[in-house]
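Colleague: I'd like to ask you about the structure that follows.
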Amino acid sequence: MVDEHGRDDEQWRCWVDDMIDSDPSILDEIQQWWDTTSPVPMVGSRHHTVPRRYLERFSASGQIRVRDRVTGQTSLRNVKDVGAIRDFYTFINLDGERDGRLERILAPFRTPRPLTPQESLHLSIFISFQLLRTPRQRREVELMGDYLIRSSRQDIRGITEVRVVPDPNLHLDYLTKNAPKVAEAWGRSAFNL
């Protein structure tokens, strides 16, 4: 069945339809915003397909190492340039003009709701695992284990001449024990809990 807006409710219904059904005045707000907003300001903008905040976490002084998929060459690039595509959300409107309003389209209509405590917890745990599951973290655990054995077991002859390599499971143990602690600390600071 097709509704008065030409939408096939059975096949194409989504959360926007539910929102409009609950408050039809939203369509008037959308139209008013569209009519009073300039299409020009966001034209020419560089849009990140990978959010810049994610990239910054993996950068050093705003630089990140990038590998070219075709040539295999690596180079340092500014996180502002990585994953940024000019006019990614720009379209040609019905007047034939380049229009950048899609970049800002949700902002005036609805402020995102706060995360629920469960969503905050899930996000915090996910991010904490991302921070701790790196080769660098594993190497740090290896170095700490090596140092601990060398410094605490000097009674073993030749211990200072060998490299002690802890079992890789030590990193996994470290990861699973510390991710909840990192999640709690990160969650408190990120969500002001």
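The values are calculated or read from the model by the stated rules, or taken from the named source; none is laboratory data. These numbers come from a predicted model, not from an experiment. Here the Cβ is made from the backbone with ideal geometry for all residues, glycine too, and neighbour counts use every protein chain on show. Surface areas here come from the heavy atoms of the whole protein model, side chains and all, with no ligands, DNA or RNA. Shrake-Rupley method; radii C 1.70, N 1.55, O 1.52, S 1.80 Å.
Colleague: Among the residues of region 64-75, how many are among the aliphatic types (A, V, I, L, M) and closer than 18 Å to PRO51 by Cα?
Modeller: Residues that pass the stated criteria total 2.
Colleague: Restricted to region 50-73, and to residues that are basic (Lys, Arg) and modelled with pLDDT under 85, which residue is surrounded by the most Cβ atoms within 10 Å (Cβ to Cβ)? Don't jump to the end; show me each part of the working.
Modeller: Narrowing region 50-73 to residues basic (Lys, Arg): 52-53, 57, 65, 67, 69.
Next cut, modelled with pLDDT under 85 only: 52-53, 57, 67, 69.
Details: ARG52: 16, ARG53: 9, ARG57: 11, ARG67: 9, ARG69: 6.
Filtering first and then ranking leaves ARG52.
Colleague: Follow-up question, since we're still on this one. Select, from PHE129, PHE109, the only residue that is aromatic (Phe, Trp, Tyr) and modelled with pLDDT of 75 or more.
Modeller: PHE129
Colleague: Out of all the residues in region 74-96, is one or more at pLDDT below 85, outside any loop (DSSP other than H, G, I, E, B), surrounded by 12 or more Cβ atoms within 10 Å (Cβ to Cβ) and among the hydroxyl-bearing types (Ser, Thr, Tyr)?
Modeller: Among the residues of region 74-96, not one is at pLDDT below 85, outside any loop (DSSP other than H, G, I, E, B), surrounded by 12 or more Cβ atoms within 10 Å (Cβ to Cβ) and among the hydroxyl-bearing types (Ser, Thr, Tyr), which makes the answer no.
Colleague: Could you look through region 1-47, keep only residues that are among the polar types (S, T, N, Q) and modelled with pLDDT of 80 or more, and pick out the one that is nearest to THR90 (Cα to Cα)?
Modeller: SER38
Colleague: Right, something else. Test ARG139 against the criterion of being over 18 Å from ALA185 (Cβ atoms), open to solvent by 70 Å² or more (accessible area, probe 1.4 Å), of a type outside the set (S, T, N, Q) and assigned to a helix (DSSP H, G or I), and give yes or no.
Modeller: yes
Colleague: Which residue is nearest to TYR54 (Cα to Cα), if the candidates are limited to region 143-163 and must be modelled with pLDDT under 80 and surrounded by 14 or more Cβ atoms within 10 Å (Cβ to Cβ)?
Modeller: If we take residues in region 143-163 being modelled with pLDDT under 80 and surrounded by 14 or more Cβ atoms within 10 Å (Cβ to Cβ), then GLY145 is nearest to TYR54 (Cα to Cα).
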